[in-house]
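Read the structure below first, then the notes.
Read-outs: derived from the displayed coordinates by stated rules, not from any lab. Keep in mind that this is a model prediction, so the values were computed, not measured. Cβ placement follows ideal geometry from the backbone for every residue including glycine, while neighbour counts extend to all protein chains displayed.
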Amino acid sequence: MAFAGAASAELIQVKVFIGSMFEIGDNTGDRAGEYQHWYERYWQEADANGVPGAIAPVHCNDVGVCGSVLGMGKVNASASMQAVLLNPDYDFSQAYYLITGVAGTPPSKGTVGDVVWGSWLIDYDLGHRWAPEEGEPGAPVFMPRKGYEDYHVHQLNPDLVAWGVQLSSGIDLMDSEEARTYRMRYPDDAAQAAPSVKVGTHMTGDTFFHGP
C-alpha cells in the first residue's frame, strides 16, 4: 500500500469520487459488498493509495474516477471523507460525489433491486430516547430534537438529482429468480414489481431500522 503525502509529484485531479460504506472480504473475487462492483469496473489496475485518517485506501484510474470504502457508521464515514478531502495529493475543486450503498425501503414504496436517487438526506439519530418501560405502553421511545433541523435535514441539488435520474432511467436493472421469489413474500404491489429507478428521501442512522 502506498501512502499519499505532500511530496507527491503532481496532484490527482478528481473528476468523480465514489464512496461506499463497507466491503466483504477482498475488493474482487469473492462475495460482493458495496464497493466490489465499482472496483471491478474502474480500479482493477489502480494503485491503492493510503490516506492517513481514512478507513481504507483510495483508488483512482487514469480518467479521474476515484473511490474508497469510507467505513460503517457516520463517525467512520465522515472522518474518512474528511481525511480524503484534506489530503494534499488530491484536487477536488471540480469533482462530483456519489455516495452509494445498500439500503432498505418500505414494501409499500419499493422493491428488491430498486435504484433510488436521494433527493433529501435525513439524520435519524439526533433526538431523545428513553427505555420502553419508562413511558406509556406502546408509546414512541424516540423524539426528534427540535432546533436541529439545519443539521439533520439536507436537500441535495435538484438539478444534479434530475441529471442522475435522466442518465440512469433507460438502464435495464439486473434481476434474478431468487429476488423475484423473495419479493412474493410481500403483499404490496410496489414490493412485487420489477426493480426500477426512483427518487426519494434517504434516512441515515447508526442503528439499523427494522420493522413493519
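Give me the net charge of residue 51's neighbourhood, meaning all other residues with Cβ under 15 Å from the Cβ of residue 51; Lys, Arg count +1, Asp, Glu -1.
-3
For helix 74-86, report the angle its Cα long axis makes with the longest principal axis of the Cα atoms of the chain; keep it between 0 and 90° and round to the nearest 10°.
30
Anyone know which of 179, 46, 139 comes out most mobile in the 10 Å Cα GNM of the chain?
Its mean-square fluctuation being the largest, the pick is 139.
Can you match mean projected area of the Cα convex hull in nm² to one of these, [x] 10.9; [y] 14.4; [z] 15.2, based on a calculation from the structure here?
Looking at mean projected area of the Cα convex hull in nm² for this model, the match is [z].
Excluding residue 105 itself, what net charge comes from residues whose Cβ is under 13 Å from its Cβ, given Lys and Arg +1 and Asp and Glu -1? Provide the component values of the computation, followed by the final result.
On the way: positive: 109, 183, 198; negative: 114, 188.
Counting the neighbours of residue 105, the net charge comes to +1.
Let me check I've understood the local charge: for residue 129, count other residues with C-beta under 14 angstrom from its C-beta, Lys and Arg +1, Asp and Glu -1. What total comes out?
-3
Report the residue, chosen from 89, 189, 114, that carries the largest GNM mean-square fluctuation when the chain is represented by alpha-carbon nodes joined by springs under 10 Å.
Top of the fluctuation ranking is 189.
Hey, what's the Cα Rg ratio for the range 64-167 versus the globular rule of thumb, 2.2 N^0.38 Å?
1.40
Would you grab the residues whose amide H sits under 5 Å from the one on residue 12? Only those 5+ places off in sequence or on another chain, please, with H modelled 1.01 Å from N.
90, 91
Express the relative contact order of the range 56-212 as a whole percentage, based on alpha carbon pairs under 8 Å and six or more residues apart in sequence.
The normalised contact order for the range 56-212 reaches 31 percent.
State the antiparallel share, in %, of DSSP beta bridges confined to the chain, rounding to the nearest 5.
Antiparallel bridges make up about 35 percent of those DSSP assigns within the chain.
Specify the longest stretch of the chain that does not include any exposed loop site, a site being one of the trypsin sites (Lys or Arg not before Pro) with a non-H, G, I, E, B DSSP assignment and at most 10 other Cβ atoms within 10 Å. Intermediate values should be presented prior to the final figure.
Working: sites that count: 31, 146, 185.
That would be 32-145.
Any chance you could give the angle, 0 to 90 degrees and rounded to 10, that helix 158-168 forms with the longest Cα principal axis of the chain?
The helix 158-168 is inclined about 80 degrees to the chain.
Calculate the dipole size of the chain relative to its Cα centre from +1 charges on Lys and Arg beta carbons and -1 charges on Asp and Glu beta carbons; express the result in debye to the nearest 20.
Magnitude of the dipole: close to 380 debye.
Non-local amide H neighbours of residue 96 (under 5 Å, H modeled in plane, Pro and chain starts lacking H): which ones?
Result for residue 96 returns 16, 17.
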